[in-house]
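Taken together, the values in this text are just the output of simple stated rules run on the coordinates, not laboratory data. No experiment lies behind these values; they were computed from the predicted model shown. Backbone-built Cβ (ideal geometry, glycine too); neighbour counts: all protein chains shown.
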Amino acid sequence: MKKLTVTVTRHGPSIKVLISQNLHPQALKASLSPHSPFLTDQIYSHFIKSGHSLDPFLSTTLISHFAKHGDFSRALSFFLDNPNPDTISFNSLISGFARFGRAGPVLGLFNELRHLGLKPDVFTLSSLVKGCERIEENEIVHGVCLRLGFGNGAFVVSGLIENYAKSGDLVSAEKCFRECFDVDNVVLTAMICCYFWNGEFDKGRQVFMKLRDLGFELNEFSLTGLISGLFDVKEGQLIHGVGLKMGFLCGGSLHFNNAVMSMYARCGSKLDAVKVFDEITEPDIVSWTERIGAALDRFEAFGIFNSLRRKGLGVNEYTMTNVLSAVAGEGLSCLGRQIQAVCQKEGYLKVVFVGNALISMYNKCGKMDDARCIFDDMVFQDSVSWNSLIAGYSDNGFVSLALKMFSDMRGHNVEVNCYTLASILEVASDLNSLHLAVQIHSYMIKCGFMSDDYVVSCLIASYGKCGSCNESRRVFSDVDKTSVMHLNAMLNTLVNADCHVDSLDLFRNTVDSKLEVDSKTFSIVLKACSAMTDLEQGRGIHSLALKSGFHQDCFVETAVIDLCCKCGNISDAERAFRYASVDNLAAWNAMITGYAQHGCYNEAFKLYDRMTVCRIEPDEITYLGLLTSCCHAGLLQEAQSYMNSMVECHGLIPHLEHYACMVDLLGRVGLLEDAKKTIDEMPIEPDAQIWQILLSACNIHGNFDMGRVAATKLLELQPDNESAYILLSNLCASAGMWNAVRKLRREMKEKLVSKEPGSSWIQLRGSMHYFFADDLLHPEHKAIFLELSKLYEHMQDSKTNVRHGNSHENQGQGTLLVPQGQDDKPSWSMDRTLLTVPPLTHGNQNAA
């Protein structure tokens, strides 16, 4: 009793007084709090010892409270302790399970209610509809509603329409709408949302006009329902305008203001979301929660969260979920732990979706042990919890643990859904295991997932990543009704397999067959054009994107800029960039990278400064473009400054590519010892590319000892790397070590290692022309050699000396024309190698 007295005192004297007066039912109600469920347990023990028993009214209050907060073990305990549960008691528990999307217990409790002879009411069936997750469950519940006579009432029909809408079954949703006897503005709004969420905007507008013609009130709740499921910012802006015209903004309706802000944040227009928030005179907790979701970076989100708590407005479970999602990222687990402490203090760790958000946050921070602890401590793990942990293990390279979790998930009879299979297919891709992909394919067939577009698309992609493009083609060809999701997966697989011509052929066939495409389709085929440096075909596809209205999509904008840059047309890339969305980080990165590829380092630096002014947060790719610019220009001090800024100012962790740029730059300027020191001090294990960069630099500067070390490391990682043998052979030759040269040549022959012939190509009037060294197969080779002779003579007249043999093996690609022979009519060799950059002095800005 002493422990109880202390606890009661903290919550005020009223509970203690109630117990002393033997008013245990009132004390039990007063003890209800999401922060201290153990107090309720203690008082309930005294309630039982005092001879009281639960009546339906009291049990309903207790069940509703704990079910609302996801504490189903206590909710069920109070439900089972009620000797005479009524329909309302059942409704409380069913509603709680439905709120958390637990369809199994919802259906089970409904069956128990019927078995006890109790009569379900409209609230029972409404919760039953809300608890449906899959379309099959919704169809079953729809049939039950019809049989019990509730299938045509507005209260139930609105929920059925919403479920069908989320499943993409417009036909069933329209049938429910037509058969509804009591159409009101809630049902009409549900139908409008159904059309809007599935992209049928014209039909949605027609129902919207019908709602107004029938004289139904168009209120802020109707508009909120419309805007809540939109992912199209243009349509959202239209509804925003209607709300503004009707006076629902700027303090007119806080409910609608919050929905508008959420829509802009969801569609990526965070600046617009912030503007809406700034116009709210008295933001509530929902407003602040949405403002956290609209934060431009993690630190701003965490700052807003702290500001919210200092204002004393309190937080809810949705606030915690938003801030956890916002701060998730590599190297920021310290912020996540602080938020976890707040969750613990406020009693939200028992809420399932808060626990799921914590797991996801730790996944993105790479702290899988912490994610597993959260998972193990959860009161209840739903399918999202399991899927989050499996995805985390997969994303962080713990593939064996991901597979074990999948096995445990099935052992615990947790429902495997499309997201589970997508994560396991990703594991198969990471392992490059065709055998595992085939097993998952068999499981999908057995469990009926081959009708799910998302999972089949993941299967197509997985086969491609496992090196079996033919299996991807077979799965794609076996699909009965090809969707844009299947098409994009197949196109992406072909592009990643360097089958660029096949991807373009598939795209043409798709356009001819009138199959609907989306912005992602255009971005993929534009990527294929970039890989082929086919500017003409890329322009044609861009024109089609303009005609289809996808030109303002961020992925298409970025793909067009990348295409122009890779095809050497920097002016067109700049023009495309001027029309791109200001907050499209990928477009900024593509332009900076394009400048880097073209040696325009000043333009790259100026563009980065503009990013800072526009408050666009750079990422790892931004800094990679800047470091590449510094590398090409020989700007060592600037590169070191950007490397420091990346870590200290933006909290970004350098990857192998960033260190490769630094090693390349140090090697170019002749600081080989510093380059080697950078490799030794890297927190990441160096790969073959970094050792090849160092070996190339040693070859340029004639450092035999370091070159031998680099070659040894490179051959350990890639024993059949022909460039390693050739570079080391050239290095030995420059040092006069001819025995070593002969040994390397002999070793290459024994291992059947050979240098792939270099080639050059050019596109002219839509045709590709390829050339190899001493190539006489081209039909116009005589005219080509004649023109080259003229160029050579012009070079001689201009006293431009082209030294034979100054090309070195390197990682890059370019075109080098080298005169062969000593007579007055030189022959010519064309080779796709890189012109060697001579040793650069420290900070030489004129170096190229």
Here the gain from full extension of residue 341 to residue 482, 0.36 nm per residue of separation minus their alpha-carbon distance, amounts to 46.0 nm
Relative to the chain, whose Cα atoms define the longest principal axis, helix 656-668 and its Cα axis are tilted in degrees, nearest 10, by 20
Note, region 557-573: 3J(HN,Hα) by Karplus (6.51, -1.76, 1.60, θ = phi - 60°), whole Hz, Gly/Pro = x, goes 4, 5, 5, 5, 4, 4, 4, 4, 5, 5, 8, x, 9, 5, 5, 5, 5
Inter-part gap, Cα centre of region 540-578 to Cα centre of region 147-168, in whole angstrom, is 44
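Which length gain, in nm to one decimal place, applies between residue 582 and residue 657 when the Cα-Cα distance is subtracted from 0.36 nm times their residue separation?
Numbers: separation 75, 0.36 × 75 = 27.00 nm, distance 2.65 nm.
Between residue 582 and residue 657, full extension yields an extra 24.3 nm.
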Summing -39500 (n - 2.57) over every DSSP H run of at least 4 residues in the chain and dividing by its residue count gives a helix-only mean residue ellipticity at 222 nm, to the nearest 500 deg cm²/dmol, of -21000 deg cm²/dmol
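Mind sorting 288, 197 by how few other Cβ atoms lie within 10 Å of their own Cβ, fewest first?
Details: 288 23, 197 20.
Ranking 288, 197 by Cβ neighbours within 10 Å, fewest first, gives 197, 288.
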For the chain, longest principal axis from Cα atoms; helix 469-478 axis from its Cα atoms; angle between them, nearest 10 degrees, is 40
Karplus ³J(HN,Hα) for region 395-410 (6.51 cos²θ - 1.76 cosθ + 1.60, θ = phi - 60°; Hz, whole; x = Gly/Pro) runs 5, 9, x, 8, 5, 5, 5, 4, 5, 5, 5, 4, 5, 5, 4, 5
Here the FRET efficiency for residue 543 versus residue 747, based on Cβ atoms and R0 = 35 Å and rounded to 0.05, is 0.05
Under 15 Å by backbone N from the virtual spin label 7 Å along Cα-to-Cβ at residue 281, the residues of region 238-263 are 247-255, 257
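Quick one: longest stretch of the chain between exposed loop GluC sites (Glu not before Pro), exposed meaning at most 16 other C-beta atoms within 10 Å and loop per DSSP?
Details: sites that count: 200, 217, 279, 330, 415, 516, 780.
Segment 517-779 is the longest.
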Nearest-0.05 FRET efficiency for residue 497 and residue 776 at R0 = 22 Å, using Cβ-Cβ distance, is 0.10
Each label sits 7 Å from Cα toward the beta-carbon; between residue 511 and residue 155 the label points are separated, in nm, by 5.5
Distance in Å, no decimals, from the C-alpha centre of region 359-431 to the one of region 471-531 is 30
When 462, 457 are ranked with the fewest other C-beta atoms within 10 Å first, the list becomes 457, 462
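Around residue 103, under 14 Å between beta carbons, what's the net of Lys plus Arg minus Asp minus Glu among the other residues? Write down the numbers at each step before the final one.
On the way: positive: 99, 102, 130, 134, 166; negative: 133, 136, 137, 139, 382, 415.
In short, -1.
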Under the 7 Å Cα-to-Cβ spin-label approximation, residue 376 and residue 171 lie apart by a distance in nanometres of 5.0
Going through 465/743; 270/364; 166/404; 345/404 one by one, the pairs whose alpha carbons sit over 30 Å apart turn out to be 465/743; 166/404; 345/404
In nm, the gap between the two label points placed 7 Å beyond Cα toward Cβ at residue 451 and residue 644 is 6.3
Here FRET efficiency (C-beta to C-beta, residue 794 to residue 722, R₀ 30 Å, nearest 0.05) is 0.25
Sparse-neighbourhood loop hits (trypsin sites (Lys or Arg not before Pro), region 304-374; DSSP loop; Cβ within 10 Å at most 12 others) -> 311
Between residue 381 and residues 5 or more places away or on another chain, the pairs with built amide H atoms under 5 Å apart involve none
